[in-house]
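Asks: Submitted below is the structure of interest, expressed as structure tokens.
The values are calculated or read from the model by the stated rules, or taken from the named source; none is laboratory data. Every value quoted in this text rests on a predicted model; they were computed, and no experiment measured them. Here Cβ is always computed from backbone atoms with ideal geometry, including for glycine, and neighbour counts include all displayed protein chains. What goes into the accessible areas is simple: the full protein's heavy atoms, side chains included, and nothing from ligands, DNA or RNA. Shrake-Rupley method; radii C 1.70, N 1.55, O 1.52, S 1.80 Å.
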Amino acid sequence: MRVVIAPDSFGGTLSAKQAAAAIADGWRGTCPTDELRELPLADGGTGFLDVLHAALGGELCPVPVTGPRGEPVTAEWLRVGEVAYIEMALASGLHMVPRPERTPEVARVANSRGVGQLVAAAAAETGVTRIVVGLGGSACTDGGAGALAALGAQPLDADGAPLPDGGAALAGCAALAAPPALRAGLELVLALDVDNPLLGRHGAAAVFGPQKGADDAAVAELDAALRRYAEVLAPAVHRDAAELVELPGGGAAGGLGAALLALGGRPVSGAGLVRELLGLDAALDAADLVLTGEGSFDWQSLRGKLITAVAASAAARGLPCLVLAGQVSVGRREAAAAGVQEAYSVTEHAGGLAASMADPAGTLAKLAADLAGQWSGSR
């Protein structure tokens with residue numbers, strides 16, 4: 001049997017490459033004669049740059065930037081010819097805030113300034129004509145205000161003083177120091193991992209705020225502050241505020257999507273972009289079975305994330321697609337509608353969360369070994 005193994009990263013425990021290797025090790029232990037192809041992928045979120053660099057080569061360019069809590073960090077962007085690839089999570093990622101420190105106060109002040117600094121560094125490079133920003137895995141809910149501030153569009157209060165970084169401070173936004181802009185001739189592409197709008201019950205604060213530490217009060221505060229910021233940003237970029245807050249993908253990466261869309265960014269599916277650049281379709285043309293996965297296969301997975309891209313490509317070829325995930329909360333009917341034949345939970349297979357987290361690669365490999373016994377035609 002010819003098996004393509006094409007997972008995303010597993011929620012900070014395994015990179016996409018590590019997950020693919022673990023699945024392959026387990027499968028090979030049961031069915032050593034099967035032909036396995038490891039194709040680790042990403043959807044614009046965590047691991048975006050790793051996956052692209054491994055497949056495309058290019059030059060990694062380190063830049064000192066501001067982290068999500070104002071701390072100095074070093075992030076990298078990738079140059080491949082005339083294209084610059086940026087993973088926003090390397091500058092403002094949720095993994096940079098340890099889980100015990102994800103509090104409502106941190107959620108209020110976390111910022112995207114470092115992402116703007118990466119964009120500025122790439123834009124300053126001679127010969128770069130396109131910047132592709134992977135959006136996802138963010139620690140902030142600041143509507144991209146920090147990123148735009150790094151590009152010259154600093155939010156100001158009613159007295160003309162700069163506002164502090166963070167989403168909550170945007171409640172006092174009265175103006176921008178300058179209209180946000182990129183140099184002429186530079187194309188900006190947004191590799192989105194979700195299609196959520198900026199505001200409301202499906203927006204950046206309501207959906208993604210809690211995982212960043214926001215409680216109900218902080219979610220409401222951040223959503224209101226983002227609305228105020230959009231009212232100031234929209235006229236500065238000659239957009240209608242009502243339209244800006246409803247744009248699909250505007251809620252990606254804590255609302256950074258809305259800021260970059262306002263800058264004239266062209267939205268694309270991050271999973272679709274990686275799928276094209278890494279040749280997933282060609283790999284599936286020669287496959288009998290597809291395995292994919294991520295840390296949590298939940299309803300967010302069905303809103304533009306990697307699994308849906310892999311499953312759709314598999315379904316178009318009549319191939320069974322199996323999901324191996326840390327946890328599974330998507331029902332069988334919803335999974336089938338997305339092209340997933342079966343979804344399996346590592347946590348359940350390992351006998352609990354503690355066991356699965358104690359050895360993420362090992363428990364994933366054991367699940368793959370058992371599935372090989374069920375699904376491979378070579379046993």
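Asks: Over all pairs of distinct alpha carbons, what does the Kirkwood formula give as the hydrodynamic radius of segment 90-247, in Å?
Replies: It is 15.8 Å.
Asks: Karplus couplings for segment 220-235 from phi (6.51 cos²θ - 1.76 cosθ + 1.60, θ = phi - 60°), rounded to Hz, Gly and Pro as x?
Replies: 4, 5, 5, 5, 5, 5, 5, 5, 4, 5, 4, 5, 8, 5, 3, x
Asks: HN-Hα J couplings of segment 191-196 from phi, Karplus 6.51/-1.76/1.60, θ = phi - 60°, integer Hz, Gly and Pro as x?
Replies: 8, 8, 9, 9, 10, 5
Asks: Find out how many positive minus negative residues lie around Glu35, taking Lys and Arg as positive, Asp and Glu as negative, among other residues whose Cβ is under 11 Å from that of Glu35.
Replies: So the surrounding residues net to +1.
Asks: Roughly speaking, to the nearest percent, how much of the chain's 1.4 Å accessible area is carbon and sulfur?
Replies: Of all accessible area on the chain, carbon and sulfur atoms account for 53 percent.
Asks: I would also like to ask the following. To the nearest Å, what is the center-to-center distance of segment 3-65 and segment 203-223, using C-alpha atoms only?
Replies: 31
Asks: Moving to a separate point now. Which listed residue (Leu284, Gly255, Gly209) has the Cα farthest towards the positive end of the charge dipole for the chain, taking +1 on Lys and Arg C-beta and -1 on Asp and Glu C-beta about the Cα centre?
Replies: Leu284
Asks: Can I ask one more? Amide H of Ala75 versus every other amide H placed in the peptide plane: which residues, excluding those fewer than 5 positions away on the same chain, fall under 5 Å?
Replies: Here Val63, Val65 satisfy the definition.
Asks: Summing +1 for each Lys or Arg and -1 for each Asp or Glu, what net charge is found among the other residues whose Cβ lies under 15 Å from the Cβ of Ser269?
Replies: So the surrounding residues net to -2.
Asks: For the ranges 31-37, 247-253, 297-303, what's the packing order if you count other beta-carbon atoms within 10 Å of each residue, average per peptide, and put the highest first?
Replies: 247-253, 297-303, 31-37
Asks: How far is the Cα center of segment 224-254 from the Cα center of segment 302-332, in Å?
Replies: The distance from the Cα centre of segment 224-254 to that of segment 302-332 comes to 31 Å.
Asks: If we count every other residue with Cβ under 10 angstrom of Gly127's Cβ, Lys/Arg +1 and Asp/Glu -1, where does the sum land?
Replies: Taking every other residue near Gly127 into account, the sum is -1.
Asks: Continuing with this model, one more query. Which one of Val237, Leu226, Phe48 is farthest out on the positive end of the charge dipole of the chain, using unit charges on Cβ (Lys, Arg +1; Asp, Glu -1) and the Cα centre as origin?
Replies: Positive-most Cα among the choices belongs to Phe48.
Asks: Would you work out if segment 317-379 is rounded, prolate or oblate? Take a ≥ b ≥ c from the square roots of the eigenvalues of the alpha-carbon gyration tensor; rounded if a/c is under 1.5, else prolate when a/b is larger than b/c, oblate otherwise.
Replies: oblate
Asks: How would you classify segment 168-244 from its alpha-carbon gyration tensor, with a ≥ b ≥ c the square roots of the eigenvalues: rounded for a/c under 1.5, else prolate if a/b is greater than b/c, otherwise oblate?
Replies: Oblate is the answer for segment 168-244, as a/c is 1.5 or above yet b/c matches or exceeds a/b.
Asks: Here is a further query. Let me know the shape class of segment 224-379, please: from the alpha-carbon gyration tensor, a ≥ b ≥ c as square roots of the eigenvalues, rounded when a/c is under 1.5, otherwise prolate if a/b is greater than b/c, or oblate.
Replies: prolate
Asks: How large is the accessible surface per residue of the chain, computed with a 1.4 Å probe and reported in Å² as a whole number?
Replies: In whole numbers, the chain has 38 Å² accessible per residue.
Asks: To continue, here is another question. Before rounding to the nearest 500, sum -39500 (n - 2.57) across all DSSP H runs of length at least 4 in the chain and divide by the residue total; then give [θ] at 222 nm in deg cm²/dmol.
Replies: Computed ellipticity for the chain at 222 nm equals -10500 deg cm²/dmol.
Asks: Would you tell me the accessible area of Glu101, worked out with a 1.4 angstrom probe on the heavy atoms of the protein chains, in Å² to the nearest 10?
Replies: 80
Asks: Something else: Sequence-distant or interchain residues sharing an amide H contact under 5 Å with Glu87, placed H: which?
Replies: Result for Glu87 returns Gly134.
Asks: Let me ask something else. Enter the angle in degrees (range 0 to 90, nearest 10) between the Cα long axis of helix 113-123 and the first principal axis of the Cα atoms of the chain, meaning the one along which they spread out most.
Replies: Approximately 90 degrees, to the nearest ten.
Asks: Show the residues, 5+ positions off or on another chain, whose built amide H is closer than 5 Å to the amide H of Arg102.
Replies: Correct list: empty.
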